[in-house]
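Nothing in this text is a laboratory measurement; each read-out follows from the coordinates by a stated rule. This structure is a prediction, so every number in the text was calculated from the model and none was measured. Note that we place each Cβ from the backbone using ideal geometry, even for glycine, and neighbour counts take in every protein chain shown.
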């Protein structure tokens with residue numbers, strides 16, 4: 001079998017790259033290890049309930065009345081030839097940043113957040129406005145550049161330590177692979193995506209969203225193979241000539257795009273990666289399915305809550321199984337016009353130890369997971385009130401689950417902190433797309449795939 005381009009992984013970056021390249025007449029073969037596409041933003045059915053994987057919210061929302069400069073989602077729509085309306089996105093109603101001593105509520109209109117900053121921190125509003133302006137005028141953040149500390153740079157705009165930590169909390173949880181900090185360019189992208197452009201989700205969940213992408217890829221002439229694992233690459237010098245598949249003949253490829261991760265892709269090429277660190281930031285997530293709705297006057301109303309009960313925002317691998325002091329809580333039912341899930345879902349995500357979840361035997365693993373679910377529920381109830389008597393089904397994942405489905409060492413959601421923004425890992429015709437290329441989230445992943453396709457192969 002021959003292909004112009006083999007793409008490893010049918011996640012969002014792989015699907016977007018495949019659509020773009022197929023539109024340019026390339027023979028594209030997309031290889032997915034599992035039975036379902038979507039990667040860390042897929043879906044599954046369990047206990048009669050349809051679950052989305054990894055989707056707290058889709059960033060970079062574009063409303064029907066928006067008339068400003070072109071946004072990332074609009075550029076993607078044009079490059080993939082998929083109208084934004086076909087994505088069927090519904091906007092958030094409200095979300096918040098919840099710290100023990102303060103709260104900021106925000107919507108898909110920056111004025112709500114600005115007014116709350118002005119009310120709670122009146123001396124900081126000029127700095128907040130300067131921060132917004134700096135994000136709007138930042139040069140292309142996807143290019144290689146020296147690391148600039150966001151914690152240090154943010155002090156130039158915001159003097160109050162609590163407000164700085166509150167702004168950092170959602171940005172960390174949405175995409176920082178670097179412990180205790182992140183690159184300033186990454187901060188600009190995430191701040192703009194979350195707060196300036198805003199949050200939404202597919203009305204009926206990820207299944208129809210992904211089905212649309214898969215159909216576009218196949219209609220454009222791409223080929224998709226599922227339940228097929230890539231075993232490695234055959235090299236001649238620094239060039240990959242064949243992609244070896246488990247249980248299938250090898251594929252001769254002119255080019256390879258890999259969403260497997262930097263270290264993982266080099267391992268497929270049997271090349272060492274001493275200068276690329278393994279990620280340390282892993283999550284545990286629990287989903288509670290409730291028989292009764294959680295919203296009522298005075299109770300929980302957020303689409304997403306980013307919370308922290310520490311004095312400072314501690315963004316590092318915990319020393320315990322799970323750190324319940326901070327996290328993300330969401331209720332997908334709260335999006336305006338959402339039709340899926342049909343029952344009320346509460347989802348809580350916390351930082352988890354990147355190694356010890358792999359050390360437990362099955363009985364200990366199950367017991368510790370059950371304890372963590374209970375501890376998470378107790379933390380969530382301090383924010384939303386009692387809900388456990390309404391629970392009809394529970395599902396949860398740990399770093400061990402993430403490793404199984406992604407191959408990322410430690411189950412690190414955001415991969416290595418050493419991003420390869422050019423996609424170059426030292427091979428002539430193998431390039432990274434996705435998380436380790438430096439763009440995260442649904443829109444970021446698709447943008448990564450399209451950008452690499454354009455830069456390397458589309459012409």
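Which ordering of 378, 388 is given by a fewest-first count of other beta-carbon atoms within 10 Å?
With the sparsest Cβ surroundings first, the list reads 378, 388.
Calculate the spin-label point distance for residue 336 paired with residue 311, positioning each point 7 Å from the Cα along the beta-carbon direction, and give it in nanometres.
4.2
Modelled label-to-label distance, residue 374 and residue 359, 7 Å Cα→beta-carbon offset: nm?
2.3
Summing -39500 (n - 2.57) over the DSSP H runs of n ≥ 4 in the chain and dividing by its residue number, what mean residue ellipticity at 222 nm do you reach, to the nearest 500 deg cm²/dmol?
Per the formula, -9000 deg cm²/dmol.
When you count, for each residue, the other Cβ atoms within 10 Å and take the mean per peptide, how do 14-25, 197-208 rank with the highest first?
14-25, 197-208
Here are some values of P(r) over Cα pairs in 20 Å bins from 0, in percent: [x] 25, 59, 15, 0; [y] 23, 55, 21, 1; [z] 22, 48, 23, 6, 0. Which one was computed from this structure?
[x]
Which angle from 0 to 90°, rounded to the nearest 10, does the C-alpha axis of helix 206-219 make with the longest principal axis of the chain?
So the helix axis and the longest Cα principal axis differ by about 20 degrees.
Take the alpha carbon atoms of the stretch 375-439, find their center, do the same for the stretch 44-75, and report the distance between the two centers in whole angstrom.
One Cα centre to the other: 17 Å.
Mind pulling the angle between the C-alpha long axis of helix 161-175 and the longest principal axis of the chain? Nearest 10 degrees, somewhere in 0 to 90.
That works out to roughly 30 degrees.
For 258, 448, 176, what's the fewest-to-most ordering of other Cβ within 10 Å of each Cβ?
Ascending Cβ contact count within 10 Å gives the list 176, 448, 258.
Using a basic spin-label model with each label point 7 Å from the Cα along Cα→Cβ, how many nm lie between residue 75 and residue 126?
Each label point lies 7 Å from its Cα, and together they span 3.3 nm.
May I ask you to list the residues of the stretch 135-163 whose amide nitrogen lies under 11 Å from a point 7 Å from Cα along the Cα→beta-carbon direction of residue 424?
Under 11 Å, as judged by backbone N against the label point of residue 424, lie 144 of the stretch 135-163.
State the Cα centre-to-centre distance between the stretch 247-310 and the stretch 4-37 in whole Å.
Taking the Cα centre of each part, the stretch 247-310 and the stretch 4-37 sit 19 Å apart.
Just to confirm the number: angle between the C-alpha axis of helix 362-384 and the first principal axis of the chain, 0 to 90 degrees, nearest 10?
Approximately 40 degrees, to the nearest ten.
Once you sort the root eigenvalues of the Cα gyration tensor of the stretch 109-198 as a ≥ b ≥ c, which label holds: rounded (a/c under 1.5), prolate (a/b larger than b/c) or oblate (the other case)?
prolate
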